Structure formats: C-alpha cells, structure tokens
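Worksheet: one structure, shown below.
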Amino acid sequence: MKSLKAPLAALCLALTGLFGLSGCAVLVIGAAVGTAVYLEGDLESQLATDIYGAVNATNLAAADLNLTPVSRTGDANEALLIATDPEGRKVSVKLKPSGARVTQVSIRVGSGGNEGASRRILSAIEKRVRN
C-alpha cells in the first residue's frame with residue numbers, strides 16, 4: 001500500500017497556492033479535533049466532548065483563570081460565556097456541538113482579539129476536558 005504522505009502534502013501545497021495564505025486554506029488544513037486556528041481575533045478549535053462536558057470544562061477553566069462571569073446562556077444547541085479577565089478585558093467563549101462527542105469552541109479576548117490570552121483559555125478548557 002502506498003504512503004499517503006506525498007499526496008496529502010501535494011494537496012496542502014495546492015490549496016495554499018490556490019487560496020494563498022487566506023483563512024480558507026488554513027481552515028481546510030486545521031480541521032482536526034485539537035487543532036486551533038486563530039483568525040480575525042477569534043481562536044477556533046474543537047473539543048473531544050459533548051456540549052455538556054464542554055460547558056462544564058469552560059466553567060471550571062474560567063474559575064481556574066479567575067475570569068469573572070458576566071453572563072452564561074445556552075442550551076443543547078449552543079452556549080455562550082461572557083466574562084472579564086483579571087485585566088478587565090471582555091472574554092467570550094462560544095460553544096456549539098458539531099458531532100455526538102465533538103464541540104466547536106470559539107474564544108475572543110478583548111474587542112480586537114488577543115491570541116496569547118485566547119490560547120491560555122483554550123489550554124485551560126482542554127485540561128478540564130481531559131480530567
């Protein structure tokens with residue numbers, strides 16, 4: 001059986017050439033669970049849990065990071081946590097199921113986004129999903 005590495009590399013190269021370095025190519029390449037993509041101020045990733053586990057992990061991570069909740073809304077189709085971080089920035093964490101045991105997560109810190117802070121929040125959520 002032939003290795004798929006060369007055809008996959010060629011496909012990625014072709015997509016990058018076709019779309020340049022636009023968000024479309026990045027999203028196609030970064031679609032696997034656990035891969036985070038930072039695009040236009042939002043950090044997008046997927047969690048290997050249902051929405052209820054994602055909400056629980058997000059609430060625990062928010063407490064771990066000293067985020068002060070402003071509002072929590074949600075149901076089985078979507079959940080949203082709005083909070084402020086210790087620096088006074090608005091934090092938004094959106095959760096949406098994308099499969100039986102997969103939840104899409106979108107994190108934005110501040111009005112224009114902050115990649116480092118968003119990645120720290122995602123890391124804390126992922127840690128709570130695994131525990």
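The values are calculated or read from the model by the stated rules, or taken from the named source; none is laboratory data. Note that the structure is predicted; figures quoted are calculated from it, not measured. FYI the Cβ positions are ideal-geometry reconstructions off the backbone, even for glycines, and counts take in every protein chain you see.
Structure data summary
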read-out: Enumeration of residues in segment 57-114 that are within 14 Å of ILE125 (Cβ to Cβ), outside any strand (DSSP E or B) and among the hydrophobic types (A, V, I, L, M, F, W, C); value: ALA57, LEU60, ALA61, ALA62, ALA63, LEU65, LEU67
read-out: Search result, residues across segment 71-91 that are under 15 Å from the mean Cα position of the chain (by Cα) and surrounded by 18 or more Cβ atoms within 10 Å (Cβ to Cβ); value: ALA79, LEU81, VAL91
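Okay, residues lined up against (1) at pLDDT 95 or above; (2) farther than 16 Å from GLN104 by Cβ; (3) among the aromatic types (Phe, Trp, Tyr):
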site	(1), (2), (3)
ALA6	no, yes, no
LEU15	no, yes, no
ALA25	no, yes, no
VAL28	no, no, no
VAL33	no, no, no
LEU47	yes, no, no
GLY53	yes, no, no
